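**Q** First the structure, which I've put down as structure tokens, then a few questions once you've had a look.
The values are calculated or read from the model by the stated rules, or taken from the named source; none is laboratory data. Since the structure is predicted, the reported quantities are computational estimates derived from the model, not experimental observations. Methodologically, a virtual Cβ is constructed for each residue, glycine included, from the backbone with ideal geometry; neighbour enumeration extends over all protein chains shown. Accessible surface is based on the protein model in full, side chains and every heavy atom, while ligands, DNA and RNA are left aside. Shrake-Rupley method; radii C 1.70, N 1.55, O 1.52, S 1.80 Å.
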Amino acid sequence: MHMEKNREIDFYALAKSKIAKLKSTKGFEIYNYKIRKGITESKIEKMEKLMKMEIPKEMKKIYRSMNGCELSWAYEDDENNLYGFWDIWPLEKIFFGWDGKLTLANFKNPFEDILWNDHYEEKEIKELKRHKVIEPVEGESSHITCKLKDNKIELFFVEEDSIKPLPIKLNTYFQLIIESLGVDEIRTQIRKKKFMKKPSSYKELKMLSKLIDVDISFLLHL
């Protein structure tokens, strides 16, 4: 796992600035977007009381800044054909499933029929029950998930019963996905050592950088 310095980032402001750049750059089509303001302390306290557990401090810090975001965009000209998305779930959905309602029933099995179903083996279900969905991958049966252990957060790329660890922390994942506008298959690229060593070599990210400002210099310091 790469070591990273803690960074204080206003993700809400970062996401808003990226949307503004998209709107002001000719050729980009935005189909929808939503940026949620940070979750309130009272909601966090209500969740923790119901779950009888403390949400990791790193996670609370991030979601106090921005409680998830959505975006769908595309760009096409004679040389480029790009698309991207954000679908980072709010904290309520991460712990209580799709509808986000704070109930014990939702907390018990929040991702049944999302991460697993009855056709999976018992061992696979047991493991996947430990995972929380951070972001589904658009158009695929894949998800970015996290596991919480000893107040620490580990990220994974889950594709059906295949579970691959990601060499990146949650705040860096947020920053990368927002800054890169979630371009093309960047979530798949994160699993590759080549990408983490030289992210600028990813073709679609290179194409995007020629059209709009993309600053991923923070990855070079991991």
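**Q** I'd like to verify a number: residues in the stretch 130-150 that are out of contact with any Leu (no Cβ under 9 Å at 6 or more places or on another chain) and open to solvent by less than 60 Å² (accessible area, probe 1.4 Å), how many? Steps first, please.
**A** Taking the stretch 130-150 and keeping what is out of contact with any Leu (no Cβ under 9 Å at 6 or more places or on another chain), we get 135-142, 148-150.
After this cut, where a residue has to be open to solvent by less than 60 Å² (accessible area, probe 1.4 Å) as well, the list is 135-137, 142, 148.
Residues in the stretch 130-150 being out of contact with any Leu (no Cβ under 9 Å at 6 or more places or on another chain) and open to solvent by less than 60 Å² (accessible area, probe 1.4 Å): 5 in total.
**Q** Count, please, the residues in the stretch 198-222 that happen to be farther than 10 Å from Glu179 by Cβ and open to solvent by 30 Å² or more (accessible area, probe 1.4 Å).
**A** Looking only at that region, the number is 13.
**Q** Taking the stretch 161-197 as the search range and keeping residues that are open to solvent by 10 Å² or more (accessible area, probe 1.4 Å), touching a helix residue (DSSP H, G or I) at 6+ places or on another chain (Cβ under 9 Å) and outside any helix (DSSP H, G or I), which one is modelled with the lowest pLDDT?
**A** Asp161
**Q** Please determine, by comparing only the residues of the stretch 93-107 that are out of contact with any strand residue (DSSP E or B) (no Cβ under 8 Å at 6 or more places or on another chain) and either among the β-branched types (Val, Ile, Thr) or not in a loop (DSSP other than H, G, I, E, B) (or both), which one is nearest to Ser180 (Cα to Cα).
**A** Phe96
**Q** For Ile30, which of the numbered conditions (1) of a type outside the set (Asp, Glu); (2) surrounded by fewer than 13 Cβ atoms within 10 Å (Cβ to Cβ); (3) farther than 24 Å from Glu138 by Cβ; (4) touching a Leu at 6+ places or on another chain (Cβ under 7 Å) fails to hold?
**A** Only one criterion in (1) of a type outside the set (Asp, Glu); (2) surrounded by fewer than 13 Cβ atoms within 10 Å (Cβ to Cβ); (3) farther than 24 Å from Glu138 by Cβ; (4) touching a Leu at 6+ places or on another chain (Cβ under 7 Å) is unmet by Ile30, namely (3).
**Q** Next up: Cβ-Cβ below 7 Å, separation at least six or inter-chain, first residue in the stretch 62-78 and closer than 21 Å to Pro136 by Cα, second open to solvent by 10 Å² or more (accessible area, probe 1.4 Å) and of a type in the set (S, T, N, Q): which pairs?
**A** Ile62/Asn171; Glu70/Asn32; Ser72/Asn32
**Q** Output the residues belonging to the stretch 166-194 that are over 28 Å from Glu76 (Cβ atoms) and touching a residue at least 40 places away in the same chain (Cβ under 8 Å). Walk me through how you get there before you give the answer.
**A** If we filter the stretch 166-194 for residues that are over 28 Å from Glu76 (Cβ atoms), which is where we start, we get 166-172, 193.
Within the stretch 166-194, Pro167, Ile168, Lys169, Leu170, Asn171, Thr172 qualify.
**Q** Being in contact with an Asp or Glu (Cβ under 6 Å, 6 or more places away or on another chain), within 30 Å of Lys193 (Cβ to Cβ) and among the hydroxyl-bearing types (Ser, Thr, Tyr) narrows it down to one of Ser65, Ser72, so name that one. Please lay out each step first, then the result.
**A** Details: Ser72 fails: in contact with an Asp or Glu (Cβ under 6 Å, 6 or more places away or on another chain).
Sole residue among the options that is in contact with an Asp or Glu (Cβ under 6 Å, 6 or more places away or on another chain), within 30 Å of Lys193 (Cβ to Cβ) and among the hydroxyl-bearing types (Ser, Thr, Tyr): Ser65.
**Q** Another question, if that's okay. Ile134 - would you say it is touching a His at 6+ places or on another chain (Cβ under 9 Å) and either more than 22 Å from Phe174 (Cα to Cα) or not in a strand (DSSP E or B) (or both)? Don't jump to the end; show me each part of the working.
**A** Working: touching a His at 6+ places or on another chain (Cβ under 9 Å): yes; either more than 22 Å from Phe174 (Cα to Cα) or not in a strand (DSSP E or B) (or both): no.
Answer is no for this residue.
**Q** Restricting to the stretch 113-126, what's the tally of residues that are touching a strand residue (DSSP E or B) at 6+ places or on another chain (Cβ under 7 Å) and either of a type in the set (Asp, Glu) or in a strand (DSSP E or B) (or both)? Quick ask: steps written out before the conclusion?
**A** Step one: of the stretch 113-126, the residues touching a strand residue (DSSP E or B) at 6+ places or on another chain (Cβ under 7 Å) are 114-115, 124-125.
If we keep only those that are either of a type in the set (Asp, Glu) or in a strand (DSSP E or B) (or both) as well, we get 124.
Final tally of qualifying residues: 1.
**Q** Return the residues of the stretch 151-160 that are open to solvent by 40 Å² or more (accessible area, probe 1.4 Å) and either more than 12 Å from Leu128 (Cα to Cα) or of a type in the set (Phe, Trp, Tyr) (or both); say none if nothing qualifies. First the steps, then the outcome.
**A** Step one: of the stretch 151-160, the residues open to solvent by 40 Å² or more (accessible area, probe 1.4 Å) are 151-152, 154, 159-160.
If the condition is that a residue be open to solvent by 40 Å² or more (accessible area, probe 1.4 Å) and either more than 12 Å from Leu128 (Cα to Cα) or of a type in the set (Phe, Trp, Tyr) (or both), then Asn151, Lys152, Glu154 are the ones that fit.
**Q** So, of the residues in the stretch 59-86 that are under 14 Å from Ile134 (Cα atoms) and surrounded by fewer than 19 Cβ atoms within 10 Å (Cβ to Cβ), which turns out to be nearest to the chain's Cα centre (by Cα)?
**A** Glu70
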